[in-house]
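Asks: Sharing a structure, written as structure tokens. Questions coming.
None of the figures in this text is laboratory data; all of them are computed from the coordinates on show. In this text, all values refer to a predicted model and were calculated from it rather than measured experimentally. For neighbour counting, all protein chains shown are included, and Cβ atoms are generated from backbone atoms with ideal geometry for every residue, glycine included.
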Amino acid sequence: MDKLLIRGGRALHGEVLVSGAKNAALPELCAALLTADPVTLLNVPRLQDVSTMLKLIRNMGVAAERADDGTVRIDASALSTPEAPYELVKTMRASVLALGPLLARFGEATVSLPGGCAIGSRPVDQHIKGMAAMGAEIVVEHGYMIAKLPTGWTRLKGARITTDMVTVTGTENFLMAAALAEGETVLENAAQEPEISDLAEMLIAMGAKIEGHGTSRIRIQGVEKLHGCTHRVVADRIEAGTFLCAVAATGGDVVLRHGRADHLDAVIDKLREAGADVQAVEGGIRVQSAGGATLKAQGFRTTEYPGFPTDMQAQFMALDCVAQGTATVTETIFENRFMHVNELLRLGAKIQVDGKVAVIEGVGTAGRLSGATVMATDLRASASLVIAGLVATGETVVDRIYHLDRGYDCMEAKLRGIGADIERIR
Ligand code: EPZ
């Protein structure tokens, strides 16, 4: 099992390239199932989750080739098996994104329930509710969702779908299903993340009729067929936010090439309140900091976009741990997303957790975190431990970094490129 060995205490300087967004590439690989024409995706990040999704669609009989420059060519004309089997779905919840496209194009889909994961139970009841609203008959048995159109139907029917809570992949499934449905679909309470807008732009390039994406109400007029397209995956705002927190914590001056400051308002506001200097520059974002110990710890509540992203909670908490003062962090989206806390405590952080609330007392100038061996438990928790290790005195070893590899494209190489003392040990 790979580990990362980090020697803390070095400021970061230079430029780092932000890769394509994991949470846009995954639904967009599924969107390619909606047409028999070839689809080309550009700027697809090199991630374990992308490899898993490629395996999933190839398993259906889809041709998918990935080039070294991040171009992925998909040809779903010969799709023969509209299924997402458990052994693939259990490793990646996002496999549920196959449900909408398979139902829309083939009128049937057999998709394994994702099962829980480290950060929570991850139910898909809203996905089922939305597909049923469009006419699909879905039964859940033996751990699978088995969905099909009613006898005599050739297409899903447009519907008004109001989910009980905002769901990102739920909204994405509905967008893809509605694109080929008969009539109009209105999504109320839709997710507003930039990845939703990026998916909608790709679907529009394929001939879909969508408006309102990026707001909480999206209208889709179904069409008979969708054609191929070439689409560039939007830059990953969570990877960019992770690097912003890393540089704020270590100190330094770094430009994140391709980073979109307009996708990170809530995080950048908090970094500025902490005392870091973050500016949108031509083609990216520049962050300058005198180091975490000079910054003021910032409290925040995670909420749906455009609020503070739950996917940035662990990384910003690592920054709070090394800053001055006390901060309160509230996680409102997932029920178990504080597993990085126990590992941060091993590095000398001062954190008290009570349910959904964590109170962090930054060590500031009084002391430093001290390096130790820590264990990654989930994707963003891993990133949090890397940030803490970059600041801690001595050596930090982050174990089980397969979690990190799911969502970060060569993180240690990018960090080394801006001066971090970090290496992967097999
Ligand atoms: C997406 O997950 C992201 N994954 C997650 O990123 C992200 O943390 C999450 O959205 C929230 O922003 C992808 O886009 C591939 P949800 P998703 O459906 O769609 C509940 C990362 O680190 N819910 O928006 O699965 C759910 O339990 C990953 O990159 C239901 O109850 O999240 C959660 O409490 C982690 N029933 C809340 O809604 C449902 O049918 C939000 O979940 C669906 C969701």
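Asks: Which residue is farthest from the chain's Cα centre (by Cα), if the candidates are limited to segment 85-108 and must be assigned to a helix (DSSP H, G or I) and among the charged types (D, E, K, R)?
Replies: Arg105
Asks: While we're here: List the helices (runs of 4 or more DSSP H) inside segment 338-422, counting only whole elements, that have at least 1 residues being hydrophobic (A, V, I, L, M, F, W, C), surrounded by fewer than 22 Cβ atoms within 10 Å (Cβ to Cβ) and touching a residue at least 24 places away in the same chain (Cβ under 8 Å).
Replies: It comes to 339-346.
Asks: What is the residue count in segment 360-381 for residues that are within 16 Å of the ligand (Cβ to nearest atom) and not β-branched (Val, Ile, Thr)?
Replies: 5
Asks: Under the condition of being of a type in the set (D, E, K, R) and in a strand (DSSP E or B), which residue from segment 226-285 is nearest to Arg10 (Cα to Cα)? Quick ask: steps written out before the conclusion?
Replies: Going residue by residue through segment 226-285, those that are of a type in the set (D, E, K, R) are 232, 236-237, 239, 253, 257, 260, 262, 265, 269-270, 272-273, 277, 282.
The next check asks that each one be in a strand (DSSP E or B); those that pass are 232, 253, 257, 277.
On the way: Arg232: 35, Asp253: 12, Arg257: 21, Asp277: 18 Å.
Per the stated criteria, the residue is Asp253.
Asks: Let me ask something additional. Yes or no: segment 325-340 includes at least one residue that is hydroxyl-bearing (Ser, Thr, Tyr) and more than 20 Å from the chain's Cα centre (by Cα).
Replies: yes
Asks: A further question follows. Taking the stated definitions as given, is Ala297 at negative phi and over 22 Å from the mean Cα position of the chain (by Cα)?
Replies: Answer is yes for this residue.
Asks: Can you tell me which residues in segment 395-426 are among the small types (Gly, Ala, Ser) and either closer than 18 Å to Val254 by Cα or in contact with a strand residue (DSSP E or B) (Cβ under 6 Å, 6 or more places away or on another chain) (or both)?
Replies: Passing the criteria: Ala413, Gly417, Gly419, Ala420.
Asks: Would you be able to tell me the number of residues in segment 286-315 that are in a helix (DSSP H, G or I), under 27 Å from Val168 (Cα atoms) and among the hydroxyl-bearing types (Ser, Thr, Tyr)? Step through it out loud before you land on a result.
Replies: Of all residues in segment 286-315, those in a helix (DSSP H, G or I) come to 292-294, 310-315.
Next, from what is left, pick out any that are under 27 Å from Val168 (Cα atoms): 310-315.
Filter once more, so that each one left must be among the hydroxyl-bearing types (Ser, Thr, Tyr): 310.
Residues flagged as in a helix (DSSP H, G or I), under 27 Å from Val168 (Cα atoms) and among the hydroxyl-bearing types (Ser, Thr, Tyr) within segment 286-315 amount to 1.
Asks: Here is a follow-up. Among the numbered criteria (1) closer than 19 Å to Ala118 by Cα; (2) touching a residue at least 24 places away in the same chain (Cβ under 8 Å), which one does Val255 miss?
Replies: So the condition that Val255 fails would be (1).
Asks: So, in segment 144-181, exactly how many residues are in a loop (DSSP other than H, G, I, E, B), closer than 11 Å to Gly222 by Cβ and either of a type outside the set (D, E, K, R) or without any contact (Cβ under 8 Å) to a residue 24 or more places away in the chain (or both)?
Replies: Number satisfying all stated conditions: 5.
Asks: Is at least one residue of segment 144-161 within 20 Å of the chain's Cα centre (by Cα) and not acidic (Asp, Glu)? Don't jump to the end; show me each part of the working.
Replies: Narrowing segment 144-161 to residues within 20 Å of the chain's Cα centre (by Cα): none.
Among the residues of segment 144-161, not one is within 20 Å of the chain's Cα centre (by Cα) and not acidic (Asp, Glu), which makes the answer no.
Asks: For segment 119-143, which residues satisfy the criterion of being surrounded by fewer than 17 Cβ atoms within 10 Å (Cβ to Cβ) and more than 13 Å from the ligand (Cβ to nearest atom)?
Replies: Matches in segment 119-143: Glu137, Val139, Glu141, His142, Gly143.
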